[in-house]
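Worksheet for the structure shown next.
The values are calculated or read from the model by the stated rules, or taken from the named source; none is laboratory data. Owing to the predicted nature of the structure, the values given are computational and were not obtained by experimental measurement. For neighbour counting, all protein chains shown are included, and Cβ atoms are generated from backbone atoms with ideal geometry for every residue, glycine included. All accessible areas refer to the heavy atoms of the entire protein, side chains included, with ligands and DNA or RNA removed. Shrake-Rupley method; radii C 1.70, N 1.55, O 1.52, S 1.80 Å.
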Amino acid sequence: VKDSSIKWGFPFEAVESSKTVKLSDHEAANLRATAERAASFLESGADILEALKGVNRHLIIESYGLKHNSIGDDEGTNKWVVDEDSLNQASTKDDGAKQVEIADLPTKKDLAKRAKLVLQKSLAVLEGGGSNSKPHSQAASAAVAKENPTHGYTVVDQSNRCFILLAEMIRGICRGSLGKAGNQVKLLSSLAFEEAQALKDMYSAQATEAGQQRTAELSSIIKQIQLARQSMKVSAIPAKNLLRVMIGLETVQPKSPTDPIFPSQAYLDRHQKTTVAQPKKEVVRKDEGTLGEKALSRCFKKAYDKSPNGLPKSFALNNEEDDSMQLTMTEGFMLGVFCTLGVPLSHDVKSIDDSAEDGITWDKLRSMLLNSATQVHQESKEKLEILKAKLDSQTNESAKVDISKKVLWTSWEEAMNEEAVRKVESMDTEGFTKKSIMFVEKVRKFAFPTVQTQTKTAHKYENGLGPKVVQWFGKELAQVAGKAGIVDGNGSPIGAATEDLLRSNPELANDAKVGAYLDKKNARLVISQAALLSRLNILWAKMDASVRKDRLADAIARSRKLGDVWEKKPSWWQDTGDANVRDSITLLEALKERGLVDVLAAEVNFGEGDEIKAIKDYGLTKQTIQLRANQLVRELHAIEEKAEIMRMLEERRSKAGHKKNSYDKGLMNCHMSAASKPDSTKKSGGLQTELSSFFKTTKSGPKKSSMLLSVSDENSKPSSAGKRKESPVVSSSEDNSPAEKKPKKLAPLFVAPGKRSESPGSVSEKRMETVVNEDGVIELVAVRK
């Protein structure tokens with residue numbers, strides 16, 4: 001039985017009488033481009049095809065002549081490519097030839113599914129008494145659908161091979177379940193929209209009437225797909241009905257009587273208004289701050305949570321709080337100031353009370369601490385008044401209990417804040433400096449007892465800051481402590497806090513109240529933020545404008561190579577080019593000048609325009625800025641560390657070269673001096689003349705006379721085995737003596753220092769011994785037997 005409702009598509013609908021026409025250049029190019037997109041879809045959409053069985057994968061492969069091609073020698077690595085022969089098999093025949101198009105039948109699985117569906121429908125009709133069991137409304141809708149199958153919508157032309165990929169994408173959306181495979185359906189709808197847009201761009205480039213007609217059809221199809229995508233968020237059945245009509249499938253009756261068969265813009269607008277009007281639970285969001293600010297907020301809140309009925313706890317001196325440091329309100333405010341501007345770590349100046357290199361001073365930090373404590377004290381007083389008024393007007397007993405606890409805690413908090421203001425006012429700059437150094441060192445050792453720098457993922461530590469900046473912070477802090485005289489007997493910096501003082505004076509523990517509990521996790525966040533600002537201050541002071549540009553470009557490249565991700569990056573921020581470098585310099589400059597407390601208020605110019613406005617108006621937040629600054633400062637520190645090592649090596653090389661030049665110059669002078677003196681031994685010649693230079697005395701010792709030693713041939717004895725015989729040497733003092741020319745007479749052996757020369761005739765038997773003279777030189781001397 002021929003079922004005309006089945007759309008088999010290419011190549012299954014080919015008949016014997018069909019004529020194959022050679023494609024034009026435009027059509028061949030369009031088919032080729034669509035085939036490339038189909039190959040890309042099969043390659044990247046494998047997960048979608050696995051989850052959504054409605055896409056006829058085999059049809060796409062046969063329609064566009066796709067095949068698997070192995071990459072390299074790895075047989076398991078395949079890629080979908082276009083086979084030119086298979087793609088052009090229906091377009092290379094003669095126009096007048098009548099040939100039967102070779103068409104493969106559908107797969108066995110598809111035929112079995114179709115047969116099963118036909119049998120189920122037939123059995124349902126027979127069980128219902130041979131009549132249609134559908135309700136009257138559905139039967140009427142079916143009748144209307146037969147009369148007007150398109151319902152006024154533009155239908156995808158599946159007879160055109162370029163539209164088969166789009167049709168199969170829409171088919172997969174219609175047969176997919178939003179409940180089980182909702183993500184795949186949404187992704188496939190996005191791909192179908194992109195495919196329709198690609199087809200429109202492809203046909204709009206053709207200046208023909210057919211091309212313009214296709215462009216108009218595809219413009220309508222794009223609007224329909226977009227409408228279906230929007231309506232899927234409201235109801236899936238109307239959206240899928242629209243897509244079903246586009247590929248020639250029957251519509252489905254909506255489950256809700258209020259839902260239309262097809263979506264419309266008016267329906268979507270009405271639903272959106274209804275959704276907005278519905279009461280929604282408001283999400284309470286805290287003001288976003290830096291990581292250090294959030295950490296300190298948790299520390300102060302922990303003190304409130306631990307307070308019994310609103311009474312702050314006294315310091316525990318029996319190690320009950322080993323997991324946390326107990327801080328006073330003053331110490332909590334100090335950490336807040338260090339998280340805002342950093343710590344003055346410049347030790348290239350004469351006094352630790354001033355810092356010309358990094359731009360911040362201890363006196364400036366003290367003034368900021370005083371202002372911060374005063375402001376918090378005023379806020380706590382106002383908060384206390386509001387809570388008291390709320391307690392008086394409250395009638396609910398359980399609510400009164402909670403408010404009473406807050407009132408009691410706030411009253412203590414106000415008193416502790418007032419005490420903090422008095423303590424800061426009583427401290428001079430020197431006392432504040434020493435207390436700050438000891439306190440920061442205490443927190444640093446508590447947060448980072450050890451630092452790991454050799455792991456592959458070390459750059460991700462401390463929210464992208466890495467461990468090396470924190471390690472540098474500890475070394476610089478130790479040098480500042482040494483300059484201030486805050487070191488122990490081993491030269492290590494002394495770390496101390498209020499709880500250490502109270503352990504030494506336990507009688508004062510009851511009077512001191514805990515204002516915050518600092519655990520190790522929050523301590524790491526606080527110290528990392530302080531290290532970030534401190535390192536940025538010194539790095540920025542060492543670089544001029546040209547060096548900053550080059551260093552930032554290098555730092556951005558290194559960060560990208562490590563795979564850093566800037567979370568919540570603004571959409572307008574450019575990732576490459578000079579704009580990225582310029583905006584990064586502007587961001588770090590504002591952070592260095594304002595600190596993290598006031599960086600959002602800095603007025604800058606980002607991007608290509610000339611408009612200057614506050615950083616917060618660009619959509620940036622403190623935490624977003626801090627995360628990016630962590631990555632850039634980490635790489636700037638690595639670049640500066642490498643440059644510093646190269647400078648040290650160059651200095652050592654320069655010093656070593658200077659010493660070598662001096663040494664070479666001395667040797668040259670010595671050689672020239674020796675060459676200028678006459679050599680009296682050249683007259684006698686021979687090898688033995690060079691031995692005399694070995695036994696000459698040094699300049700340090702007194703001049704000694706030489707004695708000519710000689711042995712007669714008759715008295716001489718052969719030397720022992722292994723000893724080298726010496727050749728006879730003629731003394732220069734007796735070159736003119738005729739007796740020396742006789743071989744049987746005396747022959748001089750060598751000249752030895754220390755004794756006067758004897759006449760040739762008085763030579764007696766002697767033996768030679770080696771001794772070390774007073775100048776440390778080995779000599780041969782003649783000893784009488």
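As a fraction of the 1.4 Å probe accessible area of the stretch 430-489, surface on carbon and sulfur atoms comes out at 49 percent. Taking the protein heavy atoms of the stretch 217-272 in the context of the full set of protein chains, the accessible area attributed to carbon and sulfur is 52 percent at 1.4 Å. The ellipsoid equivalent to the alpha-carbon distribution of the stretch 393-460 has semi-axes of 40, 26, 8 angstrom, derived from the gyration tensor eigenvalues as √(5λ) and listed largest first.
The calculated FRET efficiency for the pair residue 297 and residue 88, based on their C-beta separation and a Förster distance of 56 Å, comes to about 0.20. If R0 is taken as 51 Å, the Cβ-Cβ distance between residue 397 and residue 264 corresponds to a FRET efficiency of 0.40. Rolled with a 1.4 Å probe across the full set of protein chains, the surface gives residue 58 an accessible area near 60 Å².
For the stretch 379-525, the solvent-accessible area of protein heavy atoms averages 53 Å² per residue (probe radius 1.4 Å; ligands and nucleic acids excluded). Extension gain for the segment residue 611 to residue 317, taken as residue separation times 0.36 nm less the Cα-Cα distance, is 100.1 nm to one decimal. Extension gain for residue 415 to residue 157 (0.36 nm times residue separation, less C-alpha to C-alpha distance): 84.8 nm. The length gained by stretching the chain between residue 383 and residue 408 to full extension, at 0.36 nm per residue less their Cα-Cα distance, is 7.8 nm.
In this rough spin-label picture, where each label sits 7 Å from Cα along the Cβ direction, the residue 364-residue 598 distance is 1.1 nm. The listed peptides 448-459, 186-197, ordered by packing as a protection proxy, come out as 186-197, 448-459 (highest mean of other Cβ atoms within 10 Å first).
Only protein heavy atoms count here; under a 1.4 Å probe, residue 37 has an accessible surface of about 60 Å². Across the protein chains, with a 1.4 Å probe defining accessible surface, the residues 362, 80, 412 rank 412, 80, 362 from largest area downward.
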